[in-house]
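The values are calculated or read from the model by the stated rules, or taken from the named source; none is laboratory data. Just so we're clear, the structure is a prediction, and the values are computed from it rather than from any experiment. Positions of Cβ are generated from backbone atoms using ideal geometry, with glycine treated the same way; all protein chains shown enter the neighbour counts.
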Amino acid sequence: MARGLSGWLAARAVQAMATLAVVLILLFVLMRIAPGDPLGRLASDRPITPAETAALRARYGLDRPIAAQFASYVQGAVRGDFGTSIEYGRPVGALIAERLPATFLLGGVVLLVNFTVGIWLGALQATNRGTLLDRLLTAVSLAGHAVPSFWLGLVLAWLVGVRWRLLPAAGMQNPLLDPDAGLAARTADLLAHLALPALTLCVVSLAGTMRYQRRAMIEVLRFPYIATARAKGVPESQVLHRHAWRNALFPVLTLFGLWLPILVTGAVFVESVFAWPGLGLLAADAVGARDYPLLMGTAALAAGLVILGGIVTDLAYAMLDPRVRAAA
Amino acid sequence: MSRVLEVENLRVTFPGAAATRVSPVDGVAFTLDRGETLALVGESGCGKSLTSLSLLRLVPPPGRIEAGSTIRLGDTDVLALEGEALRRIRGRRIGMIFQDPMSSLNPVLRVGDQIAEGIRAHFDVSKREARERAVALLREVDIPDPVSRAEAYPHQLSGGMRQRVMIAIALAAEPEILIADEPTTALDVTVQAQILEVLDRLQAARGMAVLLITHDLGIVAGRADRVAVMYAGQIVEEAATGELFARPSHPYTQGLFGSIPRLSGPVGRLTPISGTVPAPHAWPDGCRFRPRCPIVHPRSQEMPPLLALGAGHRMRCWLANDSDERDKREETRDG
Amino acid sequence: MSWLAQLWAAVWRRRSGRFAAVALATIALAAIVLPPVLPDPAAQPDIVAGATPPASAHPFGTDQLSRDVLSRVVSGARVSLAVAALAVLVSMTIGAAVGLTAGYFGGSVDALLMRIVDAGLAIPRLFILLLLLAVWERIPLPALVLILGTTGWFGASRLVRGEVIRLRHEPFVSGAEALGAGRRRVMFRHLLPNTAGPLLVAATLGVSDVILLEAGLSFLGLGIQPPTPSWGAMILDAKPVLVVAPWTSLFPGLAIVVTVLAVNLLGDALSDVLDSSGA
């Protein structure tokens with residue numbers, strides 16, 4: 001069985017590589033077909049001589065033929081080198097690496113909440129289907145799904161941050177914090193800054209998780225083997241946990257794979273609103289600066305995370321569902 | 001004879017269109033004695049499965065069992081049970097085999113565990129002990145190499161073996177009554193015979209009463225002591241098996257028999273029953289078989305009760321009172 | 001009754017469907033009918049008068065340039081709904097075409113197409129949009145619609161492909177092929193109509209996605225460009241005066257919420273209906 005699993009994993013990895021390759025090609029194509037001059041913005045800041053323009057183009061490799069550009073792009077991408085940021089003048093890879101922890105922190109917390117509270121609420125809805133509780137939670141999740149994250153962020157920032165002064169509404173830490181402050185104080189400060197952006201993302205994402213899990217659980221509860229378990233005289237709590245939950249967990253794994261992009265995408269708006277120094281903010285800033293190397297780097301990373309998430313999900317499926325293992 | 005099960009005036013309703021309720025099971029009554037086999041026969045949609053689910057109070061919501069129904073298990077009023085008391089009769093006093101073993105078994109649990117679960121739900125035994133009993137049960141239902149088979153997942157077994165596992169599960173807590181809901185419908189013909197043989201043997205060994213639910217008259221003969229024929233939520237004829245096969249009297253029952261191709265006897269046309277089974281909201285007033293009946297008694301606008309035809313033989317048809325009419329028809333049928 | 005009419009009747013029977021339909025109709029109607037009666041949303045900015053809270057003359061108040069918020073919200077509705085509807089139309093068309101092709105022909109065609117779809121689904125849509133829009137200063141509206149449309153078809157193609165694969169070995173397809181139906185006929189006459197249900201549900205989800213995306217892009221300064229009104233841009237404009245004039249961002253935000261909510265409800269009702277009828 002182990003051999004089958006590792007063989008399957010290898011095949012899956014190859015598939016992922018292929019997808020990644022297409023991603024890189026797509027990104028390159030996207031950059032080149034979009035109208036406008038990559039260096040236009042730099043040039044518009046101050047008058048620029050043709051010599052300087054030529055130098056800049058040479059520096060960013062824009063003076064070489066397309067094929068050569070593509071070749072060096074791919075070579076670089078494989079090494080993890082996406083070139084130099086036009087705006088910051090530093091290697092893209094380094095910039096991204098700096099910002100990753102903040103995004104992972106925010107995204108990680110949101111995912112955690114989703115996969116505990118969200119799943120629990122969704123299951124609660126399913127087992128209390130049709131009751132007032134179910135309808136109430138449905139209304140809440142529908143509303144949450146319809147709220148734009150940036151707007152909610154603004155509202156929360158204003159209400160909680162400015163009006164009520166309960167929590168900080170910008171940044172990741174208090175710039176006035178004593179540099180010698182202890183770990184506890186620094187952690188508290190971090191958490192305080194994390195609260196609002198996390199809350200915003202949670203509201204928006206929980207809605208989807210709840211709806212999904214509710215549906216999945218209802219589907220599972222319809223299955224005949226649930227009736228069999230009851231007919232055996234198994235206590236209801238055990239029916240729910242051992243039979244319903246374990247089978248309803250699979251759609252949840254799929255959901256995990258789908259939510260991984262939240263780590264990067266949902267964060268773009270929220271990080272912008274709260275000035276949370278993560279990948280999302282980096283990407284948003286890069287847009288304004290027309291910083292293509294940076295944009296491509298972040299997009300490639302985001303795609304990579306999504307693909308990775310897919311493999312992890314499939315792996316989890318294989319480990320949990322004996323039918324998938326058999327087919328592997 | 002000790003009576004193990006008594007069902008009277010069982011009505012199960014579901015919400016219909018516009019706040020009405022329909023009754024897919026409408027006034028069903030029967031009894032079961034210890035060691036006897038009662039076959040509940042009818043086409044799909046007649047309410048037989050719902051009837052069996054009612055006995056375990058497993059009617060899926062939004063369906064419910066109406067007040068005025070009676071289900072008595074020996075001295076116990078099943079409809080008055082709640083919570084733990086209700087759980088204790090499920091599996092322990094009544095066991096159930098469901099129709100499709102593939103979807104009736106949890107795909108992510110090993111079959112041995114699923115049987116052991118049924119044991120531990122009612123007996124205070126260790127996991128190991130339960131496992132050993134599960135293996136013993138697998139052996140009883142004729143599964144080869146039961147020790148390693150107990151580690152298998154449902155999808156690794158053939159259809160016949162899965163059904164045997166279902167039987168083992170149903171018998172795990174040693175119930176006095178076994179409900180077999182279409183136990184062979186999802187199986188190949190050759191496997192059907194094997195499963196039925198297993199059921200017969202286990203019933204005899206344990207002295208269980210069996211409620212056999214099926215649409216296949218073929219498996220009823222030689223196996224059931226009595227037969228009740230259901231149509232549109234009601235029992236329309238009941239009799240001892242031999243009596244029913246010799247003298248099917250309700251036009252629906254006769255239609256069922258007439259639809260069976262026979263290997264012996266004169267070769268003639270199959271006579272199917274015209275029309276289709278109506279859905280609960282489309283049931284006519286009075287006799288529900290009227291739209292499809294070849295005879296249509298003048299009094300059939302009025303719902304006939306179950307009328308006696310002879311010893312232990314009753315039918316829901318006004319023809320029961322017109323013995324001349326019936327004799328005439330029997331002559332033409334046998335001729 | 002045609003299939004569409006039956007579908008509509010079934011949706012209307014549900015409370016959520018009724019509510020959604022009425023809400024959407026109201027919004028659409030308001031967007032079409034109201035503008036002539038309301039103050040000009042692009043009126044001369046009057047910085048002196050500034051933002052005023054909701055009052056009888058201006059039910060939603062005015063923004064810091066003294067423009068009537070209600071009329072701007074209503075104009076924004078026009079644009080947002082139109083952009084979303086058209087973009088989704090593009091997405092569904094491409095998605096259906098690709099899904100049909102991949103599902104029907106299978107083999108290497110399928111493999112190639114699905115690799116592209118996988119890649120498209122892997123890169124978060126927002127990033128693709130950011131990349132494309134970063135280069136395009138002041139993007140014209142039709143181009144925006146096209147870009148939104150061409151970035152949203154990947155999921156739909158998977159959906160259609162799944163249905164086609166499921167159906168193509170059904171007897172009715174082999175029957176049609178046996179009767180001499182050509183490939184195109186089988187695809188368009190037999191397979192495609194069966195995907196209409198899931199496609200419709202995907203379309204409603206797509207519409208709400210696009211509305212939210214477009215609002216977000218406008219908020220970032222990309223997307224719909226002034227002077228064309230857009231809810232996202234209104235919220236962006238309202239940022240500096242958020243504390244003193246909260247109504248300037250409240251109403252556009254609420255407009256988004258209500259619209260997306262209605263669309264989602266509609267999609268829910270649709271998928272409920274399609275589930276239960278087993279279509």
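Regarding A:G233, is this residue at pLDDT below 80 and over 18 Å from A:D134 (Cβ atoms)?
No: the conditions fail for A:G233.
Name, by its number, the condition in (1) within 10 Å of chain C (Cβ to nearest Cβ); (2) farther than 30 Å from C:L265 by Cβ; (3) among the aliphatic types (A, V, I, L, M) that does not hold for A:L191.
(1)
Output yes when any residue across region C:179-188 is within 12 Å of another protein chain (Cβ to nearest Cβ), over 23 Å from C:I94 (Cα atoms) and free of Cβ contacts under 8 Å to residues at least 40 places away in the same chain, and no when none is. Before you say what the answer is, go through the steps one by one.
The first filter runs over region C:179-188 and keeps only residues within 12 Å of another protein chain (Cβ to nearest Cβ), leaving none.
No, every residue in region C:179-188 fails to be within 12 Å of another protein chain (Cβ to nearest Cβ), over 23 Å from C:I94 (Cα atoms) and free of Cβ contacts under 8 Å to residues at least 40 places away in the same chain.
Filter region C:154-196 down to the residues that are part of a loop (DSSP other than H, G, I, E, B) and crowded, with 16+ Cβ neighbours inside 10 Å, then identify the one that is modelled with the lowest pLDDT.
Across region C:154-196, the extreme among qualifying residues is C:R168.
For residues that are within 18 Å of B:I97 (Cα to Cα) and over 15 Å from the mean Cα position of the chain (by Cα), tally how many sit in region B:1-53.
So the count comes out to 1.
Mind checking whether some residue in region B:116-124 is more than 22 Å from B:R3 (Cβ to Cβ) and surrounded by fewer than 14 Cβ atoms within 10 Å (Cβ to Cβ)?
yes
Among the numbered criteria (1) closer than 30 Å to B:H281 by Cβ; (2) part of a helix (DSSP H, G or I); (3) at the interface with another protein chain (Cβ under 10 Å from one of its Cβ atoms), which single criterion is violated by B:I115?
Every listed condition holds for B:I115 apart from (1).
Would you mention how many residues in region A:249-278 are modelled with pLDDT of 85 or more and either aliphatic (A, V, I, L, M) or in a loop (DSSP other than H, G, I, E, B) (or both)?
7
Mind checking which pairs have a first residue in region C:242-258 that is within 8 Å of chain A (Cβ to nearest Cβ) and over 16 Å from C:H58 (Cβ atoms) and a second that is among the small types (G, A, S) and surrounded by fewer than 19 Cβ atoms within 10 Å (Cβ to Cβ), Cβ under 9 Å, 6 or more apart or different chains?
C:V257/A:A143; C:V258/C:A23
Can you pull out every residue in region C:210-245 that is assigned to a loop (DSSP other than H, G, I, E, B) and crowded, with 20+ Cβ neighbours inside 10 Å?
The answer is C:L220, C:L222, C:G223, C:I224, C:P229, C:S230, C:A245.
Every residue in region A:286-299 that is more than 8 Å from chain C (Cβ to nearest Cβ) and part of a helix (DSSP H, G or I), please.
Selection gives A:P293, A:L294, A:G297.
(1) modelled with pLDDT under 80; (2) touching a strand residue (DSSP E or B) at 6+ places or on another chain (Cβ under 6 Å): which one isn't true of B:V267, the others all being true?
(2)
Quick one: C:A134 ticks every box in (1) small (G, A, S); (2) in contact with an Asp or Glu (Cβ under 9 Å, 6 or more places away or on another chain); (3) modelled with pLDDT of 85 or more except a single one, so which number is it?
Of the numbered conditions (1) small (G, A, S); (2) in contact with an Asp or Glu (Cβ under 9 Å, 6 or more places away or on another chain); (3) modelled with pLDDT of 85 or more, the odd one out for C:A134 is (3).
Taking A:W151 as meeting all but one of (1) more than 13 Å from chain C (Cβ to nearest Cβ); (2) within 23 Å of C:G267 (Cβ to Cβ); (3) among the aromatic types (F, W, Y), write down the number of the exception.
Against the list (1) more than 13 Å from chain C (Cβ to nearest Cβ); (2) within 23 Å of C:G267 (Cβ to Cβ); (3) among the aromatic types (F, W, Y), A:W151 comes up short only on (1).
When you check B:I97 against the structure, is it within 18 Å of B:L55 (Cβ to Cβ), modelled with pLDDT of 90 or more and in contact with a helix residue (DSSP H, G or I) (Cβ under 8 Å, 6 or more places away or on another chain), yes or no?
When the stated conditions are applied, B:I97 passes them.
Mind telling me which of the residues A:A169, A:A216, A:A207, A:A198 ends up being of a type outside the set (S, T, N, Q) and either within 14 Å of chain B (Cβ to nearest Cβ) or under 30 Å from B:E84 (Cβ atoms) (or both)?
A:A216
Given the criteria assigned to a helix (DSSP H, G or I), modelled with pLDDT under 90 and either among the β-branched types (V, I, T) or crowded, with 24+ Cβ neighbours inside 10 Å (or both), does B:T190 qualify?
Details: assigned to a helix (DSSP H, G or I): yes; modelled with pLDDT under 90: yes; either among the β-branched types (V, I, T) or crowded, with 24+ Cβ neighbours inside 10 Å (or both): yes.
Criteria met by B:T190.
Considering only region C:127-141, how many residues are closer than 12 Å to C:G221 by Cβ and assigned to a helix (DSSP H, G or I)?
Final tally of qualifying residues: 3.
Based on this model, can you work out whether C:V135 counts as in contact with a helix residue (DSSP H, G or I) (Cβ under 9 Å, 6 or more places away or on another chain), more than 7 Å from chain A (Cβ to nearest Cβ), β-branched (V, I, T) and free of Cβ contacts under 8 Å to residues at least 40 places away in the same chain? Before the answer, list the steps.
On the way: in contact with a helix residue (DSSP H, G or I) (Cβ under 9 Å, 6 or more places away or on another chain): yes; more than 7 Å from chain A (Cβ to nearest Cβ): no; β-branched (V, I, T): yes; free of Cβ contacts under 8 Å to residues at least 40 places away in the same chain: yes.
Considered against the rule, which asks whether it is in contact with a helix residue (DSSP H, G or I) (Cβ under 9 Å, 6 or more places away or on another chain), more than 7 Å from chain A (Cβ to nearest Cβ), β-branched (V, I, T) and free of Cβ contacts under 8 Å to residues at least 40 places away in the same chain, C:V135 comes out as no.
Out of the residues in region B:67-112 that are surrounded by fewer than 23 Cβ atoms within 10 Å (Cβ to Cβ) and on the phi > 0 side of the Ramachandran plot, state the one that is nearest to the other protein chains (Cβ to nearest Cβ).
Filtering first and then ranking leaves B:G83.
Take the residues in region C:208-241 that are within 11 Å of chain A (Cβ to nearest Cβ) and hydroxyl-bearing (S, T, Y), then tell me which one is nearest to A:W158 (Cα to Cα).
C:S218
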